[in-house]
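Enquirer: Take a look at this one; I'll ask things after.
The values are calculated or read from the model by the stated rules, or taken from the named source; none is laboratory data. Given the structure is predicted, the values throughout are model-derived calculations rather than measurements. No Cβ is skipped: glycine too gets one built from the backbone with ideal geometry, and neighbour counts run over all protein chains shown.
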C-alpha cells in the first residue's frame, strides 16, 4: 500500500570542490553524466516515481542553476535559494521546510546516479517506508558494487533493515547513496542554520528508527573527475 509520499528535495547547492576543474565555471549539479545534467537525472527519476513537488536548493552558480531549472518549464519544480549562505545538507532542508510540508519527504543528492536492478529503487523506497517505526529510510549500496568514489562504507544493516554506524577504524558493507525518506519536522528542532543531515541522523540512529533499503542495481557516486570518467565508461558499456 502506497505511503502517498509526493514531495522531494534535490540537494544541489554545493560547490563541487572535489570535481574541479570541471566546476570552475559551473555547479556540480550541471555536469553531465550519460548526456544529461546530474540534477536532471534526479528530477526525472523522482517524477517517474510519481513525485509531484520537487524542491531544488541552489547556491553555487545560482544564476546558472536557476536558468537551467526555469528552462525546464516545469511547475512541479520549486527553487530554494541559498545564494546568500551555504547551509550544508541539513540546513538546506531546514530552510526549505515552508516548501516541503509536514509529510515525510525524499531527499536526493544531485550526484547520486544509478542503473536500476530487478526493481525500481524509488518506488521500492516509497512502498517500504513505515512511518510508524521509521524516522528515516536510507537507500544503501553494497560497497563492492559501487562505481566511483568508495569509502570504507558507512553502515552495518541487520536482516530487518535496521542500520548501525560503522565502528571507527573498521569497514562496513553498506554505503549511503545520498537518497532517503525522512521526516522533515526533525530538521525544525535544530537551532543552527547551517548543519549536516548527520546531526539529525544521530538522534534517529540512537532511537533505533533508522533503516536501510538495499539498492539492487549499480550505483555511481559521481564526486570527482575520475569518478565521472568511470561512470561515463560504465554507461557507454550498457
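Enquirer: Within segment 67-85, can you find the residues that are within 16 Å of residue 38 (Cβ to Cβ) and either touching a strand residue (DSSP E or B) at 6+ places or on another chain (Cβ under 7 Å) or crowded, with 18+ Cβ neighbours inside 10 Å (or both)?
Expert: Selection gives 68, 69, 77.
Enquirer: Kindly list the number of the only condition in (1) over 16 Å from the mean Cα position of the chain (by Cα); (2) crowded, with 17+ Cβ neighbours inside 10 Å that fails for residue 237.
Expert: (2)
Enquirer: Among the residues of segment 182-190, are any touching a strand residue (DSSP E or B) at 6+ places or on another chain (Cβ under 7 Å) and surrounded by 14 or more Cβ atoms within 10 Å (Cβ to Cβ)?
Expert: Step one: list which residues in segment 182-190 are touching a strand residue (DSSP E or B) at 6+ places or on another chain (Cβ under 7 Å), which gives 182, 184.
From what is left, the residues that are surrounded by 14 or more Cβ atoms within 10 Å (Cβ to Cβ) are 182, 184.
Looking for residues that are touching a strand residue (DSSP E or B) at 6+ places or on another chain (Cβ under 7 Å) and surrounded by 14 or more Cβ atoms within 10 Å (Cβ to Cβ), one finds at least one in segment 182-190, hence yes.
Enquirer: Any chance segment 123-142 includes a residue that's farther than 25 Å from residue 206 by Cβ, out of contact with any strand residue (DSSP E or B) (no Cβ under 8 Å at 6 or more places or on another chain) and either at pLDDT 85 or above or surrounded by fewer than 16 Cβ atoms within 10 Å (Cβ to Cβ) (or both)?
Expert: Within segment 123-142 (the criterion being farther than 25 Å from residue 206 by Cβ, out of contact with any strand residue (DSSP E or B) (no Cβ under 8 Å at 6 or more places or on another chain) and either at pLDDT 85 or above or surrounded by fewer than 16 Cβ atoms within 10 Å (Cβ to Cβ) (or both)), the answer is yes, since at least one residue qualifies.
Enquirer: Still on this structure, I have one more. Tell me the helices (runs of 4 or more DSSP H) entirely within segment 154-238 that contain at least 1 residues that are closer than 28 Å to residue 127 by Cβ and without any contact (Cβ under 8 Å) to a residue 12 or more places away in the chain.
Expert: So the answer is 197-206.
Enquirer: Which one of these does residue 196 not meet: (1) touching a helix residue (DSSP H, G or I) at 6+ places or on another chain (Cβ under 6 Å); (2) crowded, with 19+ Cβ neighbours inside 10 Å; (3) within 18 Å of residue 105 (Cα to Cα)?
Expert: Residue 196 satisfies all of (1) touching a helix residue (DSSP H, G or I) at 6+ places or on another chain (Cβ under 6 Å); (2) crowded, with 19+ Cβ neighbours inside 10 Å; (3) within 18 Å of residue 105 (Cα to Cα) except (2).
Enquirer: If we only count helices (runs of 4 or more DSSP H) wholly inside segment 22-103, which ones have 1 or more residues that are in contact (Cβ under 8 Å) with a residue 40 or more places away in the chain and more than 23 Å from residue 126 (Cβ to Cβ)? Please lay out each step first, then the result.
Expert: Numbers: elements: 38-48, 62-71, 88-95, 97-100.
Passing ranges, in order: 62-71, 88-95.
Enquirer: I want to confirm something. Restricting to segment 31-45 and keeping residues that are surrounded by fewer than 23 Cβ atoms within 10 Å (Cβ to Cβ) and within 26 Å of residue 6 (Cβ to Cβ), which single residue is farthest from the chain's Cα centre (by Cα)?
Expert: Let us first name the residues in segment 31-45 that are surrounded by fewer than 23 Cβ atoms within 10 Å (Cβ to Cβ), namely 31-37, 40, 44-45.
Those still in the list that are within 26 Å of residue 6 (Cβ to Cβ) too: 36-37, 40, 44-45.
Details: 36: 17, 37: 15, 40: 13, 44: 14, 45: 12 Å.
The qualifying residue farthest from the chain's Cα centre (by Cα) is 36.
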